[in-house]
Amino acid sequence: MHYWKLAPLALATLVTGFASTNATADTPTLSQQEIQERSAASREVIKRFASTLQGELQAAMKSGGPTEAIRVCNERAPEIAADLSAETGMQIGRTSLKLRNPNNSPDRWERLTLQGFEAQRAAGTPAPDLPPRFTVELEDGEPAFRFMAAIPTGGVCLTCHGSSIDSDVQHALERLYPEDQATGFSEGDIRGAFTITQEM
Ligand code: HEC
């Protein structure tokens with residue numbers, strides 16, 4: 001289903017993709033080939049995360065409706081991310097400027113990158129076409145390759161992230177997320193982003 005679709009990662013994007021926020025003379029640089037390999041590995045793991053989650057979400061929506069599907073997002077999203085992280089050695093997560101779960105808060109680079117996606121969309125690029133962004137940063141003194149891909153809001157997302165949410169769903173969400181900010185989205189908005197950190 002196309003709302004998980006990620007924009008193609010063109011070489012032109014790779015060359016201009018650096019949006020480094022705290023690069024210093026100590027921050028290592030990567031060759032174009034290394035950048036391409038790390039970007040490809042990031043995209044691959046994001047694809048697996050997205051398709052696993054999407055599959056479980058759809059199955060739960062079918063069998064138990066949206067309140068059952070909330071459980072999938074609440075319990076399974078972090079579990080799937082943790083399993084993939086353990087398997088690949090990458091840190092994998094989802095983040096947003098309008099959060100449902102405060103555990104998904106963006107750090108500095110993630111916030112800047114989400115803002116960059118928003119600006120690019122405001123300038124006319126549709127959310128599904130936004131190219132991923134990456135950087136090399138020092139994380140606690142250690143260099144890390146970081147990669148983010150925007151997540152477009154699809155029609156099915158509006159059940160739980162839209163403007164008119166069914167009252168049972170609303171109540172279930174309020175119980176789990178008293179500070180929920182992740183409603184009021186429209187189809188085509190940027191819901192958030194997948195975020196990957198690879199050690200170097
Ligand atoms: C059945 C309800 C439901 C549906 C449908 C749903 N979500 Fe969510 N979404 C949630 C819940 C619950 C969370 C909080 C997950 C957690 O605790 O980590 C969440 C969290 C997220 C997050 C993580 C950032 C945050 O706000 O915490 C993103 C990104 C996201 N959803 C995107 C989507 C997209 C894109 C779709 C449509 C393809 C979608 N969701 C459909 C319920 C839903």
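State whether one or more residues within region 115-135 are under 17 Å from ALA182 (Cα atoms), part of a helix (DSSP H, G or I), away from the ligand (no atom under 13 Å from the Cβ) and without any contact (Cβ under 8 Å) to a residue 60 or more places away in the chain.
Taking every residue of region 115-135 in turn, at least one turns out to be under 17 Å from ALA182 (Cα atoms), part of a helix (DSSP H, G or I), away from the ligand (no atom under 13 Å from the Cβ) and without any contact (Cβ under 8 Å) to a residue 60 or more places away in the chain.
Do we have SER105 as at pLDDT 95 or above, more than 21 Å from GLU56 (Cβ to Cβ), under 12 Å from the mean Cα position of the chain (by Cα) and within 10 Å of the ligand (Cβ to nearest atom) here?
Here the answer is yes, as SER105 does meet what is asked.
Considering only region 90-148, state which residues are under 22 Å from ILE80 (Cα atoms) and of a type in the set (Lys, Arg).
Once the filter is applied, which keeps residues that are under 22 Å from ILE80 (Cα atoms) and of a type in the set (Lys, Arg), region 90-148 yields ARG94, LYS98, ARG100, ARG146.
State yes or no: is ALA149 of a type in the set (Gly, Ala, Ser), at negative phi and in a loop (DSSP other than H, G, I, E, B)?
no
Inside region 36-55, can you point out the residues that are within 14 Å of the ligand (Cβ to nearest atom) and within 21 Å of ASN103 (Cα to Cα)?
Scanning region 36-55 gives ILE46, PHE49, ALA50, THR52, LEU53, GLN54.
Determine the pairs where a residue that is hydroxyl-bearing (Ser, Thr, Tyr), located within region 95-112, has a partner that is near the ligand (Cβ under 9 Å from one of its atoms) and in a helix (DSSP H, G or I) with Cβ atoms under 6 Å apart, the partner being 6 or more residues away or on another chain.
THR95/ASN104
Any chance you could count how many residues in region 63-117 are touching a Phe, Trp or Tyr at 6+ places or on another chain (Cβ under 8 Å) and hydrophobic (A, V, I, L, M, F, W, C)?
Qualifying residue count for the region: 4.
If you scan region 110-133, which residues turn out to be more than 13 Å from the chain's Cα centre (by Cα) and not polar (S, T, N, Q)?
Hits for region 110-133 are LEU112, GLY116, GLU118, ALA119, ARG121, ALA122, ALA123, GLY124, PRO126, ASP129.
Applying the selection to region 173-188, what residues are out of contact with any Asp or Glu (no Cβ under 7 Å at 6 or more places or on another chain) and buried (at least 19 other Cβ atoms within 10 Å of the Cβ)?
ALA182, PHE185
Of the conditions (1) over 14 Å from the mean Cα position of the chain (by Cα); (2) away from the ligand (no atom under 14 Å from the Cβ); (3) not in a loop (DSSP other than H, G, I, E, B), ALA82 fails just one. Which one is it?
Failing condition for ALA82: (2).
Does GLN120 meet the test of being farther than 18 Å from VAL45 by Cα, in contact with a Leu (Cβ under 9 Å, 6 or more places away or on another chain) and loosely packed, with under 13 Cβ neighbours inside 10 Å? Break it down stepwise before answering.
Values: farther than 18 Å from VAL45 by Cα: yes; in contact with a Leu (Cβ under 9 Å, 6 or more places away or on another chain): yes; loosely packed, with under 13 Cβ neighbours inside 10 Å: no.
The answer is no for GLN120.
Identify the single condition in (1) surrounded by 19 or more Cβ atoms within 10 Å (Cβ to Cβ); (2) without any contact (Cβ under 8 Å) to a residue 24 or more places away in the chain; (3) more than 8 Å from the ligand (Cβ to nearest atom); (4) not basic (Lys, Arg) that ALA59 does not satisfy, given that it satisfies every other one.
That leaves (1) as the condition not met.
The values are calculated or read from the model by the stated rules, or taken from the named source; none is laboratory data. Everything quoted here is computed from the prediction, not taken from an experiment. Reconstructed Cβ throughout: ideal geometry from the backbone, glycine too, with neighbour counts over all protein chains shown.
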